[in-house]
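For reference, the structure is listed below as structure tokens.
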Amino acid sequence: MSKVIVAAPPHAAPEPHPAPAGPLRWVRRIGYAVLGLQLACFLAWSTLLYRRFALTSDFTVYHQAWFLIAHGNLDPFEPDLGIPFWQSHCEFVMWPLALLYWVWPHGVTLLWLQDLCVVGAEAVAFTWLCELAQKYRPGRDAAWLAAAGLVLLVANPWIWWAVSFDFHAETLAILFAVLLARGLANGRRRAWVWVVPLLACGDVAGTYLAGVGLGGVLAGRRSRLPGSLMACLGVAATLLITLAHGNRSSNLDSYAYLAATGSVGGPLSLAALAKGIATHPLGVLRALWAKRVDILANLAPAGLLGLGDLLVLPLVLVVLLADNLYAGLGFTEPTFQYLPVYVLLPVGTIVVLGRLMRRHRRAALALACLLAAQTLLWALVWGPRTEGQWLRVSGPAAATMAQIAARIPASAEVIASQGVVGR
């Protein structure tokens with residue numbers, strides 16, 4: 001009697017998931033406790049930033065739209081940008097989020113929501129990598145792999161920097177992107193439920209969907225068809241938003257230098273940009289090489305080995321290309337734009353380590369310890385610099401501004417510097 005063997009994607013955990021063995025069970029419990037502690041620290045840190053007025057104009061854009069939508073203005077205008085809010089990035093998620101205003105009508109609510117989504121995404125990624133560790137090496141080895149993955153997630157100093165930079169819809173999108181990627185890898189049809197809230201987070205989230213879908217195409221036969229559909233949907237959504245002028249804050253002209261050898265006059269169309277890059281491909285390589293140190297700095301704490309995982313690689317490349325090909329250094333430094341790298345690359349790293357452990361156990365364990373150690377080193381060097389980078393308003397200065405803000409009429413125009421304008 002012939003046997004039929006069906007190959008599953010490398011990320012697919014057995015269904016139903018087996019209960020974790022003793023050591024792994026303890027690592028999971030400790031991991032969730034650490035993530036809970038991290039969430040408490042994030043909430044306290046966000047509250048401090050808010051009270052200190054340490055928020056920039058980016059926060060103004062979202063907070064004003066949130067406030068106006070909650071008060072019945074369903075088409076708020078953004079005076080700083082000179083456009084309707086929806087044309088900034090097509091972030092329609094702000095409309096349902098406006099209901100939260102009536103739960104706690106303070107701007108810090110947005111920062112707390114951001115913290116919940118980022119830690120929620122980390123929790124999903126940690127659960128996922130624990131399942132993968134159990135699949136590749138059940139027993140004590142799985143606990144070591146999961147512990148290494150936990151360090152790559154929670155010790156990465158750039159996640160602190162990501163939640164420190166005001167509020168952005170990308171910090172909400174990362175939760176839906178991770179849920180979608182895990183569901184796709186495990187062949188769950190209900191993974192499609194995360195597509196709508198992901199796309200509601202705007203044009204950047206559309207590129208996340210395309211990256212997750214392409215990863216599904218490359219990962220295996222079971223995820224190839226749904227991955228193809230997701231990739232096409234992500235590309236189509238991004239193109240539609242662009243054609244509808246719904247991503248005017250994305251500033252497509254900042255990529256114009258890639259499309260020609262000289263200066264480009266006037267607005268640049270997406271077709272012209274694609275044609276220019278195709279005819280001048282070396283410009284892309286030169287731009288990436290010039291920022292190689294920053295690219296390495298963003299990748300290393302999350303685990304470089306994750307680049308060898310075909311499910312994670314496309315989304316990481318989408319993020320790296322979009323941020324580092326942007327003119328200047330604005331999106332090169334560690335920030336919220338790289339959250340898919342910080343959260344999903346550890347999952348890919350565990351996949352690569354798990355495969356290696358099947359043949360070379362000692363080498364895999366040594367690599368896992370080395371990766372965890374270098375992440376802790378990044379945390380020791382850059383973690384203490386977080387306060388100096390993001391909390392630049394002194395307590396007395398914040399107290400004075402709070403007194404002044406209480407005396408400003410609601411209809412008054414306020415001119416403030418970039419470091420404190422968010423409040």
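A compact table of results
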| item | result |
| --- | --- |
| Test result for Gln374, assigned to a helix (DSSP H, G or I), more than 27 Å from Phe176 (Cα to Cα) and either of a type in the set (Lys, Arg) or under 22 Å from the mean Cα position of the chain (by Cα) (or both) | yes |
| Selection from region 31-46 of residues that are within 27 Å of Gln389 (Cβ to Cβ), open to solvent by 30 Å² or more (accessible area, probe 1.4 Å) and not hydrophobic (A, V, I, L, M, F, W, C) | Gly36 |
| Filtered residue count, region 391-412, keeping only those that are in a loop (DSSP other than H, G, I, E, B) and either surrounded by fewer than 10 Cβ atoms within 10 Å (Cβ to Cβ) or hydroxyl-bearing (Ser, Thr, Tyr) (or both) | 5 |
| Sole residue being at pLDDT below 95 and either touching a strand residue (DSSP E or B) at 6+ places or on another chain (Cβ under 7 Å) or open to solvent by 40 Å² or more (accessible area, probe 1.4 Å) (or both), chosen from Pro16, Pro20 | Pro16 |
| Selected residue (criterion: farthest from Ala205 (Cα to Cα)) from residues of region 74-116 that are open to solvent by 30 Å² or more (accessible area, probe 1.4 Å) and either in a strand (DSSP E or B) or of a type in the set (Val, Ile, Thr) (or both) | Val103 |
| Residues of region 161-206 satisfying the condition of being assigned to a loop (DSSP other than H, G, I, E, B) and either at pLDDT 95 or above or closer than 14 Å to Asp58 by Cβ (or both) | Phe165, Asp166, Phe167, His168, Ala169, Ala200, Cys201, Gly202 |
| Subset of region 294-326 (residues that are in contact with a Ser or Thr (Cβ under 7 Å, 6 or more places away or on another chain) and free of Cβ contacts under 8 Å to residues at least 24 places away in the same chain) | Asp323 |
| Close pairs from region 98-122: first free of Cβ contacts under 8 Å to residues at least 40 places away in the same chain and among the aromatic types (Phe, Trp, Tyr), partner surrounded by 20 or more Cβ atoms within 10 Å (Cβ to Cβ) and part of a helix (DSSP H, G or I), Cβ under 8 Å, at least 6 apart | Tyr101/Trp66 |
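The values are calculated or read from the model by the stated rules, or taken from the named source; none is laboratory data. Computed from a prediction, not measured in an experiment: that's the story for all the values here. Heads up, the Cβs are rebuilt from the backbone with ideal geometry, glycines too, and the neighbour counts pull from every protein chain shown. Surface areas here come from the heavy atoms of the whole protein model, side chains and all, with no ligands, DNA or RNA. Shrake-Rupley method; radii C 1.70, N 1.55, O 1.52, S 1.80 Å.
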